[in-house]
Amino acid sequence: MAERTSFYEEIRNNKIKSFLLIVIIFVFFVLLGFVISLALDPGYFFIIMIFSTLFSLGYILFSYYNSDKIALASVRAKPASKTEHRMFYNVVEGISIASGLPMPKLYVMQSNEINAFASGRNPENAIICATTGILEKLNKEELEGVIAHEMSHIANYDIRFMTLVAVLVGLISIISQMYLRSLWFGSMNNNNKKGNMILILISLVLAIVAPLAANLVSLAISRKREFTADATAVKFTRYPKGLKNALEKIKREHISEEEKRRFPKAVAPLFISDPFKKKITGLFSTHPPIDERIKKLEMM
């Protein structure tokens, strides 16, 4: 018989792993900056750092403060009706009381797929959007498990956390691109070219590899946050079977290509499961395998 695990232990372990992964991204950022500053004139690199930081922060902050509006508009979601979507409202109110979180605004998007997502920069400005499919195909306990998962993202400030990750990944990408373009247009001085060829080669390789590596780490963080949300959902409901059964239904359903086109790829990581049902797993996936999530829930 498999050893039982505490949801508290699962939450703690995933939070530690998420923190260590974001430290790795920060190390990538510092290492890239250090190597490029050696290969280039330090003053020139300082200008790059200022420009890339301001540009990246401006773009990310706009997305951060408007993340809920952007996500809802992209899926053409409409406000939920208290009469038509009564069970949806009742379930969210119950989880809100159990979790101690403010009641989020509720929206519904037209889709036969079993799915839902949460967004918003903090609990006071949060939204939960459910598909019509999830409201039709899940029973009350299963819907509670899914809603508890989404409320967990809100409670754990995952939007804020992933925004920080996006800032670091964006900075690495911008700095790498500016450095590579500076090499292409020959903006380095001749002394650097003659005296630091090995260093320039190292910085060139790092500028190419760092954005990819940072993106892979950010995907790993996204997967860890999903595990954390699953465990926190069990903490809220004290009933892992509800979310487990919902994930099993998600695993079995077949979604047509027409249905998949309803989901913009940019918001796909927000959903409780990959809406495209991609066969890509491992390093390049935004979500952990459903089978692995079900297995962890069975052990709680």
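Values in this text are rule-based calculations from the coordinates and carry no lab data. Predicted model, so just to flag it, every value in this text is computed and none were measured. Note: ideal-geometry Cβ built from the backbone for every residue, glycine included; neighbour counts use all protein chains shown.
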How would 286, 228, 132, 83 line up from fewest to most surrounding beta-carbon atoms within 10 angstrom?
83, 132, 286, 228
Residue span residue 16 to residue 87: 0.36 nm per residue of separation minus Cα-Cα distance leaves a gain in nm of 22.0 nm
With the cut-off at 26 Å, tell me which of the pairs 105/140; 137/265; 235/260 have Cα atoms farther apart than that.
235/260
Highest to lowest packing among 249-255, 147-153, scored as the average C-beta count within 10 Å
147-153, 249-255
